[in-house]
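Notes to accompany the following structure.
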Amino acid sequence: MIRNGQDIVSGSEISAQVCIIGSGPAGVTAAWHLQKAGIQVVLIEGSRYVGSGDDQREASWPDKTLLYEGEAVGVFANSEPDFLIQPYSGQSSNAWERERILGGTSTHWGGQSRPLSAITFEDRPGYPGWPISQTDLDPYYKQAVDFCRLYANEFGPEYWAGVLQAEVPALEGFDIEMYQFIGPDDRNFAIRTFPDGTTLANCGVDVILNASLQRIEHTGGHVQRLRVASMGMDLAQPPTKATEFFIKADIVVLACGAVANAHQLLLSNAGNEHDQVGRYFGCHPLSSGGVVSILRDYLKPAQSRLMNGKTPAGKWYAPGTDLYVEGRFVPDSATLRREDIGACWFWAGGGQCYFEMAPNPASRITLSDRKDKVFGLPQVHIDWQLSDLDQRTYEVTASLFKASVAKLGGQAWTQQWPDVKAQMTVNGHHIGTTRMSSAPEDGVVDANLKVHSIDNLYVAGSSVFRTPGISNPTFTIIALSIRLADHLRRTLGQ
Ligand SMILES: Cc1cc2nc3c(=O)[nH]c(=O)nc-3n(C[C@H](O)[C@H](O)[C@H](O)COP(=O)(O)OP(=O)(O)OC[C@H]3O[C@@H](n4cnc5c(N)ncnc54)[C@H](O)[C@@H]3O)c2cc1C
């Protein structure tokens, strides 16, 4: 059921066992798994727009501007000053970073999926260990494979070389990490069909569209209720506040994306006893220009086919689907430990490369002095800061890549750091800001994703990551949300 917040009488109170805020992959995955366990779930989504196609995203941009506008400074000032509200461009190559729409950013993500590597969870200088390990997540990654309808719970090159009748290259100091791309029909969490044949609209979750969280009202370490507001539904007009109502739930899950999760906690003065909320904003920085060029080839045709996900007959798609696979070169664990650097991935054929930004407390979200024009709430101020560790990660991995390519008879060219930095964008993967920690002084949520100081408030999404790792984040967001649903089911005794 999808209803509209504008139809809910001002001042009224809705009750639920669990209230989830946000309809991106984090919120929808948790909601579907909880309702499957017989738990009564209300999911609220701030957007006024029912559809989630390209035309709806374009139409929703004025709302997004008014609600998400704020100040983006630091590295953003150079190359991505409109990070918070990037306009819809109609071109898939242009990464518009955040959405205020049913389905969240899953309405246009790439579907590129694999688990985080074991080393991501390890404690290394500059890259603090997580309170959970890859082994803790393994059963949930397996469930995420089924939930996302991936081809197999296999991400290693040997398995895929078999499927593609290809060959595994040996690039000294580098592993090959295979990515499965979720099929287009399963990518948009607002409209995809779940494994049991239901969708978000009819799976039993009470979805309230046009319901923007205003404040998490909490006292004595417990969320008492949520204050929620709707906007007028004349879509030709800029939105204005229409109604305001309350939701009282046994458990609340914040799933608004890494920027808005921190923003909402700061607005509600929740979980910030140790000044940790909003800190460690990170990502997989990406230079908008070409970074790596392959000047002389270094792979045999059968090896290139593995990296490009091709059989001898051409591009491979899982039978009857649009799901495909590709490979990336990533420094192996021994190299990362020896060099004390973050991870980085390279396309075999050159182009751009992603790297793992080191957690940095100065890279952070705070509240701006300016207020939004719809609800009058303080806007986001985000300061993206890179550190010397990031420069080192890029320079060391680029130099290792060139040397290893040369050993195979090839030649690679890589751009210098100042040029890379000058064109840096966040690249859609927003990480940190409410990170997981064993001790409350060192993060915002515990290993179960519960806010340390509040007994019934949880956070879902990549804001809880302690380090970015190098795998694209959403598959881990989904695995963590399945794990969270499992934990909440037990907490509620169901
Ligand atoms: C161009 C692009 C390509 C990408 N490709 C990939 C990829 O290939 N692989 C990958 O792993 N990841 C990719 N990503 C990242 C991926 O889209 C995100 O990791 C994922 O969408 C995050 O899910 P989420 O549910 O945490 O947040 P979101 O998807 O951001 O959803 C948050 C939801 O919360 C709602 N919301 C916000 N504030 C409020 C409020 N106050 N009240 C109510 N609702 C609110 C929003 O409207 C939104 O619906 C890509 C991102 C971009 C931009």
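The values are calculated or read from the model by the stated rules, or taken from the named source; none is laboratory data. Source: prediction; values computed, not measured. We place every Cβ from the backbone using ideal geometry, glycine too, and count neighbours over all the protein chains shown.
Of the residues making up region 430-473, those that are among the charged types (D, E, K, R) and closer than 27 Å to ASP332 by Cα are ARG435, ARG466.
Scan region 134-147 and give yes if some residue there is buried (at least 17 other Cβ atoms within 10 Å of the Cβ), assigned to a loop (DSSP other than H, G, I, E, B) and in contact with a helix residue (DSSP H, G or I) (Cβ under 8 Å, 6 or more places away or on another chain), otherwise no. For region 134-147, residues buried (at least 17 other Cβ atoms within 10 Å of the Cβ), assigned to a loop (DSSP other than H, G, I, E, B) and in contact with a helix residue (DSSP H, G or I) (Cβ under 8 Å, 6 or more places away or on another chain): absent.
Considering region 22-53 alone, what residues qualify as being among the charged types (D, E, K, R) and either at pLDDT 95 or above or closer than 23 Å to PHE475 by Cα (or both)? LYS36, GLU45 - these are the residues of region 22-53 that are among the charged types (D, E, K, R) and either at pLDDT 95 or above or closer than 23 Å to PHE475 by Cα (or both). The residues in region 255-264 that are of a type in the set (A, V, I, L, M, F, W, C) and touching a Gly at 6+ places or on another chain (Cβ under 7 Å) can be counted, and the count is 4.
For region 456-465, the criterion of being closer than 18 Å to VAL18 by Cβ and away from the ligand (no atom under 14 Å from the Cβ) is met by at least one residue. Farther than 29 Å from CYS256 by Cβ, in contact (Cβ under 8 Å) with a residue 24 or more places away in the chain and of a type in the set (Lys, Arg): does that describe LYS402? In short, no. Is it fair to say ASP175 is in contact with an Asp or Glu (Cβ under 9 Å, 6 or more places away or on another chain) and either of a type in the set (Gly, Ala, Ser) or part of a strand (DSSP E or B) (or both)? Yes: the conditions hold for ASP175.
Restricted to region 236-281, and to residues there that are away from the ligand (no atom under 13 Å from the Cβ) and of a type in the set (Gly, Ala, Ser), the residue that is surrounded by the fewest Cβ atoms within 10 Å (Cβ to Cβ) is ALA236. Within the option set PRO468, PRO473, being at pLDDT 95 or above, closer than 30 Å to GLU172 by Cβ, within 16 Å of the ligand (Cβ to nearest atom) and touching an Asp or Glu at 6+ places or on another chain (Cβ under 6 Å) holds for one residue only, PRO468. Considered as a group, the residues in region 439-451 that are assigned to a loop (DSSP other than H, G, I, E, B) and either farther than 23 Å from PRO473 by Cα or aliphatic (A, V, I, L, M) (or both) include one that is farthest from the chain's Cα centre (by Cα), and that residue is ALA439. Of all residues in region 1-21, which are under 23 Å from ILE478 (Cβ atoms) and in contact with a Leu (Cβ under 8 Å, 6 or more places away or on another chain)? Hits for region 1-21 are ILE2, GLN17, VAL18, CYS19, ILE20, ILE21. Just one of the listed residues (GLY90, GLY129) is within 16 Å of the ligand (Cβ to nearest atom) and either modelled with pLDDT of 95 or more or over 16 Å from the mean Cα position of the chain (by Cα) (or both), namely GLY90.
For every residue, the table says whether it meets (1) among the charged types (D, E, K, R); (2) over 30 Å from PRO418 (Cβ atoms); (3) without any contact (Cβ under 8 Å) to a residue 40 or more places away in the chain; (4) more than 14 Å from the ligand (Cβ to nearest atom).
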position	(1), (2), (3), (4)
SER23	no, yes, no, no
GLY27	no, yes, no, no
LEU43	no, yes, no, no
SER47	no, yes, no, no
GLY51	no, yes, no, no
LYS64	yes, yes, yes, no
ASN78	no, no, no, yes
ASP82	yes, no, yes, no
LEU102	no, yes, no, no
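Just one residue in the set TYR159, TYR179 is surrounded by 20 or more Cβ atoms within 10 Å (Cβ to Cβ), of a type in the set (Ser, Thr, Tyr) and more than 22 Å from LEU254 (Cβ to Cβ); that residue is TYR179. Residues in region 427-443 that are within 15 Å of the ligand (Cβ to nearest atom) and out of contact with any Cys (no Cβ under 7 Å at 6 or more places or on another chain): GLY428, GLY432, THR433, THR434, ARG435, MET436. Taking the numbered list (1) part of a loop (DSSP other than H, G, I, E, B); (2) surrounded by 18 or more Cβ atoms within 10 Å (Cβ to Cβ) in turn, GLU154 passes all entries but (2). So, THR107, is that one over 18 Å from ALA479 (Cβ atoms), polar (S, T, N, Q) and free of Cβ contacts under 8 Å to residues at least 24 places away in the same chain or not? It is false that THR107 is over 18 Å from ALA479 (Cβ atoms), polar (S, T, N, Q) and free of Cβ contacts under 8 Å to residues at least 24 places away in the same chain.
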